[in-house]
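The values are calculated or read from the model by the stated rules, or taken from the named source; none is laboratory data. Note that the coordinates shown come from a computational prediction; the quantities given were computed from them, not determined experimentally. Note: ideal-geometry Cβ built from the backbone for every residue, glycine included; neighbour counts use all protein chains shown.
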Amino acid sequence: MTSSTGTHPARYPGAASQPGQDNWQVGPHNRWTFAHLGEIVPTAAITRRFPAAPAVATERLDALGLPGLTQRLEETYTDAFLVLHGNDVIAEYYRPGFAPDDLHLVMSISKSMCGLVIGALIDAGEIVPSARVVDYVPELAGSAYDGPTIQHVLDMAIELNYSENYGDPASEVQTHDRSAGWRTRREGDPEDTYAFLTTLTGDGTVGNFQYCSANTDVLAWIIERVTGLRYSEALSKHLWSKLDADRDATITVDPAGFGFANGGVSCTARDLARVGRLMLDDGEGPGGRVVSAEWVQSILAGGDKEAMKDASFTTIHHEGSYTRQWWCTGNGRGNITGIGIHGQYLWIDPPSDTVIVKLSTWPEPESGHLHTLQNQLLLDVSRTMDHNTLSGASTTEPESKETAA
Ligand SMILES: NCCCCCC(=O)NCCCCCC(=O)O
């Protein structure tokens, strides 16, 4: 798909060139930029309430009957916590200064959303999982993506020269961030995410799990190529518009306007829970089907455990795996989850028909201690839901061989 602005979708229909910092104020760009200014100049909200959020916590946790829960939420830096049982929100917590309708960055839970859009396009026959990445994006010829298939990318089963060390300025994940506008650019950095992705190298090995944020942006590039839409628009068309969401979500964009698919989505806790609900409803949202039941079932069934033997996830979930941009615990409850650094979780508990959202601001991106506490909390809440009759849903007694430590 090409447009008059080159090989990438234009920011608005009919654009002869992309609006940028030096031409956004004049026509014809201003027809679009004056209504999308946040994509060009950082904007701040002028909130309709003042103060914008309550100075005390918004807390409704009694239904869970878990002693010490508030303290456990506080010690794991929780901003928002929500339990959706069936279609009923039966418990919620928002820290002081964070309102229930505030958007929160979900980091790599964004990846699980991208996986659903790919699933929708595979179901529609527009993407073939066994096809090669370069069949869709020839610009990636000669890179680490020259050879692997869509399924390899979905399952993070490609060995790449990409360090996901968030704290290392020399790591590829930081160069990736700089190319995407998340950090100050350095001389020689690729001009945008597309250009960055073409620089990645590997030795051609596929089959072993390597967590790599770049994979998701490659998927988003494929989505753009197949749909002709910007990634933000495709995410709206194939997912967000079908959730009956309370609020629009946002996604950060790079200088080319490309949405940061691997980590850039912000949304409310309640709307994130709607993504989880969709998974428990076999891919059907209130506004229409997103993915087939088979797509959801293949995630619930888990991925290749052998492929991720040495990952940090398996220190907590010994039978863990990763497939289609979701983490699969392999535990007795069949929990699957989206995970974002700094403590974001979208946790699905099929036995009790429950979704648990936890949005946090851990001081550091990763913490073995906080991951352990948080997974234990999610499991404890899940088990509590086996006996919860508040929303009238009946639950089954699962095997209880799951462990969080
Ligand atoms: N640099 C842009 C955003 C990158 C977001 C990365 C992220 O959220 N990663 C999640 C890693 C989860 C690891 C879980 C585990 O090992 O147990």
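Worth pointing out:
- Scanning segment 267-281 for residues that are within 16 Å of the ligand (Cβ to nearest atom) and either in contact with an Asp or Glu (Cβ under 9 Å, 6 or more places away or on another chain) or modelled with pLDDT under 95 (or both) yields a single hit, C267.
- Whichever residue in segment 353-388 is of a type outside the set (A, V, I, L, M, F, W, C) and crowded, with 23+ Cβ neighbours inside 10 Å and, among such residues, is nearest to A80 (Cα to Cα): K358
- Test for A124: is it more than 26 Å from I336 (Cβ to Cβ) and not basic (K, R): no
- Residue in segment 151-165 that is more than 18 Å from the chain's Cα centre (by Cα), surrounded by fewer than 21 Cβ atoms within 10 Å (Cβ to Cβ) and within 16 Å of the ligand (Cβ to nearest atom) present: yes
- Only listed residue being farther than 30 Å from Y194 by Cβ and touching a Gly at 6+ places or on another chain (Cβ under 9 Å), chosen from A63, A52, A80: A52
- Residue list for segment 133-155, restricted to those being hydroxyl-bearing (S, T, Y) and not in a loop (DSSP other than H, G, I, E, B): Y136, T149
- Test result for S179, more than 29 Å from D282 (Cβ to Cβ) and within 16 Å of the ligand (Cβ to nearest atom): yes
- For segment 218-230, the criterion of a residue being under 28 Å from W347 (Cβ atoms), in contact (Cβ under 8 Å) with a residue 60 or more places away in the chain and of a type outside the set (A, V, I, L, M) is satisfied by no position.
- Any hit, segment 108-116, residues being modelled with pLDDT of 95 or more, closer than 30 Å to T70 by Cα and not in a helix (DSSP H, G or I): yes
- One residue from A16, A53 being within 30 Å of T354 (Cα to Cα), touching a residue at least 12 places away in the same chain (Cβ under 8 Å) and part of a loop (DSSP other than H, G, I, E, B): A53
Rundown of residues vs (1) under 14 Å from the mean Cα position of the chain (by Cα); (2) not polar (S, T, N, Q), yes/no style:
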{"residue": "S213", "(1), (2)": "yes, no"}
{"residue": "I222", "(1), (2)": "no, yes"}
{"residue": "A234", "(1), (2)": "no, yes"}
{"residue": "D244", "(1), (2)": "no, yes"}
{"residue": "G264", "(1), (2)": "yes, yes"}
{"residue": "C267", "(1), (2)": "yes, yes"}
{"residue": "R270", "(1), (2)": "no, yes"}
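- Residue count for segment 156-186, restricted to those that are of a type in the set (D, E) and either part of a helix (DSSP H, G or I) or under 22 Å from G259 (Cβ atoms) (or both): 3
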